[in-house]
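The structure appears right after this line, and notes come after that.
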Amino acid sequence: MRRALAVPLAAFLAASLLAAADPAQSPPPAPPGQAGAVEITVNANAGLGTLHEAAYGANAAVWDPHMNDPEVARLYKRAHIAAVRYPGGSYGDLYHWETHTAPGGTVAPGTGFDQFMGTVRAAGAQAVVIANYGTGTPEEAAGWVRYANKTKKYGVKYWEVGNELYGNGHYGATWETDDHPDKSPAAYARTTLEFVRAMKAVDPTIKVGAVLTIPGSWPDSVVAAGDSAGWNHTVIPAVAPEIDFFTVHWYPGTSIPDTSGDVPGMLASPPGLAEMLAQVRADVTALGGRDVPLALTEVASNIGRNVHAAALFAADTYLTALENGVFTVDWFDTHNALEKVGTLDGETDYQDIGFLSLGQCADGVCEPPLNTPFPSYHGIEILGTAARPGDGLVRAASDQPKVAVHAVRQAGGDLAVVLINKDPATAYPVRLRYAGFAPSGRAPVTYTFTRGAAALVRAEQGDAYTRTLPPYSITTMTVRAARGPKPAPAPGTPTARGTADSVPGGVTVSWPPAGRTADRYVDRYEVYRQTGADTVLLGTTRGTSLTLRDLEPGASYTVNVLARDRAGRLSRPSAPVTFTAPTPPDSTCAVRYRVTQGWGRGFVAEVTVANRGAADLTDWALTFRFPVAGERVSSGSGGTWTSEGQDVRVVPSEQAGEGTRTIPAGGSVTVGFVGANEGAYPSPTVFRLNGTVCSTL
């Protein structure tokens, strides 16, 4: 940021047995007057991964004279901020650590690296350091690693190579300083590998990240003059073999503070982030050949920066990102600056993107005193009452769009539910249902943050099944687990790969056993598919791999592996693995889908249809389905395009001539379209030609 399926009978029977062994825990009948209660489902068997040690993070900047105030360290610690990024957004490509200078920028006294590390240590956190790519060298970065980890023994683990280098002018807009004569993504990839090698030569234990763009935000998929692909499609395959993680940034709203008042739009945006992250991860796996971790090293909203809704946005965004493969989420910024005083959503908004006040004044109006937390801070702080590093994120769902829900199986066995009421005027009663978890009869511990409050409020009351959410509130509810014998330990993280051609639609899922002493506890392993907040048993085995057959071609599957012990108890779920079921390799047709250009909210795609049959195809029809609702066809070429919702159909048109009306045996035709997108725009994964499922190339 700039500064200022069909399930086999055996599986069906096994699923029925599972339901008997692990019944869902449901609430009692609704009291009178609660017929319209929001229904919440929490499935502790549908695992989304483990909360990383650096999950909750924030940015700090060398231009901030108060970045190392003792109060800042205390507030970091209170909010369980475990990662602090330095030296501050785009300043990462200006800042020279040895001289503590940033030519063209402002460096405040007392903001040097050693002072910063003092704050990080006082907060019990760790540093995320941006190595200067724009105006620095691999040697300078290696020297910083040496100083930090060899000389001072700070143990800085996470390093990034530059900040938003796609903003270096290569695509027309310049906000990121980059002195390299070649500013293309190919040059960034080549030079980044030089940085990685130089830095790891000093300390091979560090983790180094490279920069990617977020789908749906400019310049994602833009192909500049002289380039063969956009930023991500160039950088990923070049650096994935040697990089440790990729970074992305997300700022919903306009590129400048949004005064239009679309607060509901801001609050509705986190589910779109989940789609964007899924697209990035799919691209990384497809182009890089492995699942490289993601870090969301800058996030905030340009809408309603200092109003209460920002707290709701922060809490929802952090957990959404962490549920979707991100290991650290870093708010931008700790302090920033008052930009313009106004009223939004009925509250004073200083358009200050920091989560702590700098106490500045403008137009006769002053921010709260220095280091007073803005609502966004409390939105992050409350997460620590529910989820800590080592806890397991699990699937939860709400039937009311204005009530977001997230859930966590804590390391000690209890289950925490985070409930966010995004309605500013309506209190919602909620009814909770649990699967894979049995609550005790004790009252849950709750924390709430409501409009106008300056602190979280703790209570211990009520039951595990019903709750009323105040308007515009965040509530965390920790439900104690019923006592009972411990089940087998969870299996390790699974992997998935396509099977030999002899198993149509087959994928083999493999996993490490459930601990070294698994033979003592485990009777069998069970593989479950996540379908919303529900799970479906796909198969059972006594081994540590299972081949899934007859999968739906082109469908996306997210699965967990659970161990069942000899007493019939299920373990906690493994981390999830997501894969796309293969399309038939020997189909009589094949399709290649390729995005050739993009501009944030639109894209151009080329679709090549090959006829592998022995006869010509005339008057053909190709159909496919967009993976997300935000994609659509605006206009098409080479045929007549029609769509209904996410479903698309293209047939030859009269104007297209015989060039596309007939696909000769062994030949192909190419058609295309201009698409529009709201956020993510993942590629379709299954195509049908005259009803036949094609091979996807």
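Would you point out which residue out of Thr623, Thr608, Thr596 is of a type outside the set (D, E, K, R), at pLDDT below 95 and outside the structural domain of Met276 (by TED's automatic domain parsing)?
Only one candidate passes the filter, namely Thr596.
Can we say Val84 is crowded, with 24+ Cβ neighbours inside 10 Å and either within 21 Å of Gly354 (Cα to Cα) or assigned by TED's automatic domain parsing to the domain that holds Thr468 (or both)?
Criteria met by Val84.
For Ala397, are the conditions met, namely being within 21 Å of the chain's Cα centre (by Cα), surrounded by fewer than 19 Cβ atoms within 10 Å (Cβ to Cβ) and assigned to a strand (DSSP E or B)?
yes
Tell me which of these Ala533 doesn't satisfy, since it passes every other one: (1) over 30 Å from Arg433 (Cα atoms); (2) of a type in the set (Gly, Ala, Ser); (3) at pLDDT below 95.
Ala533 satisfies every listed condition except (1).
With respect to Ser260, determine if the residue is at pLDDT 95 or above and surrounded by fewer than 24 Cβ atoms within 10 Å (Cβ to Cβ).
When the stated conditions are applied, Ser260 does not pass them.
Which of the numbered conditions does Ser301 fail, given that it passes all the others? Conditions: (1) modelled with pLDDT under 95; (2) out of contact with any Gly (no Cβ under 6 Å at 6 or more places or on another chain); (3) of a type outside the set (A, V, I, L, M, F, W, C).
(2)
Tell me yes or no: at least one residue of the range 126-147 is in contact with a strand residue (DSSP E or B) (Cβ under 6 Å, 6 or more places away or on another chain) and among the charged types (D, E, K, R).
The answer is no; no qualifying residue exists.
Looking at (1) aliphatic (A, V, I, L, M); (2) over 14 Å from Arg467 (Cβ atoms); (3) in contact with a helix residue (DSSP H, G or I) (Cβ under 9 Å, 6 or more places away or on another chain), find the lone condition where Ala425 falls short.
Result: Ala425 fails condition (3) only.
Here are the criteria: (1) touching a Ser or Thr at 6+ places or on another chain (Cβ under 8 Å); (2) surrounded by fewer than 22 Cβ atoms within 10 Å (Cβ to Cβ). Tell me which single one Leu296 does not satisfy.
Looking at each condition in turn, Leu296 falls short on (2).
Report yes if Gly226 is in the same structural domain as Glu164 (by TED's automatic domain parsing), surrounded by fewer than 20 Cβ atoms within 10 Å (Cβ to Cβ) and assigned to a loop (DSSP other than H, G, I, E, B), otherwise no.
yes
As an exercise: evaluate Ala314 against (1) modelled with pLDDT under 95; (2) within 18 Å of Pro375 (Cβ to Cβ); (3) of a type in the set (Gly, Ala, Ser) and give the number of the one condition it does not meet.
Unmet condition: (1).
Restricting to the range 536-570, what's the tally of residues that are over 14 Å from Pro494 (Cα atoms) and either outside any strand (DSSP E or B) or under 21 Å from the mean Cα position of the chain (by Cα) (or both)?
So the answer is 13.
Counting only residues that are under 30 Å from Val239 (Cα atoms) and either out of contact with any Lys or Arg (no Cβ under 9 Å at 6 or more places or on another chain) or in the same structural domain as Ala60 (by TED's automatic domain parsing) (or both), give me the strands (runs of 3 or more DSSP E) lying completely in the range 292-394 with at least 3 of them.
Once the strands (runs of 3 or more DSSP E) in the range 292-394 are filtered for at least 3 residues that are under 30 Å from Val239 (Cα atoms) and either out of contact with any Lys or Arg (no Cβ under 9 Å at 6 or more places or on another chain) or in the same structural domain as Ala60 (by TED's automatic domain parsing) (or both), what remains is 294-299, 326-331.
Taking into account only those residues within the range 273-302 that are under 20 Å from Ile353 (Cβ atoms) and among the small types (Gly, Ala, Ser), which is farthest from the chain's Cα centre (by Cα)?
Across the range 273-302, the extreme among qualifying residues is Ser301.
Select the strands (runs of 3 or more DSSP E) contained entirely in the range 454-502, then report the ones holding at least 3 residues which are surrounded by 18 or more Cβ atoms within 10 Å (Cβ to Cβ).
Hits in the range 454-502: 473-479.
Which one of the conditions (1) crowded, with 16+ Cβ neighbours inside 10 Å; (2) of a type in the set (Gly, Ala, Ser); (3) farther than 30 Å from Ser668 by Cβ does Gly554 fail to meet, given that it meets all the rest?
Unmet for Gly554, out of (1) crowded, with 16+ Cβ neighbours inside 10 Å; (2) of a type in the set (Gly, Ala, Ser); (3) farther than 30 Å from Ser668 by Cβ: (3).
The values are calculated or read from the model by the stated rules, or taken from the named source; none is laboratory data. This structure is a prediction, so every number in the text was calculated from the model and none was measured. We place every Cβ from the backbone using ideal geometry, glycine too, and count neighbours over all the protein chains shown.
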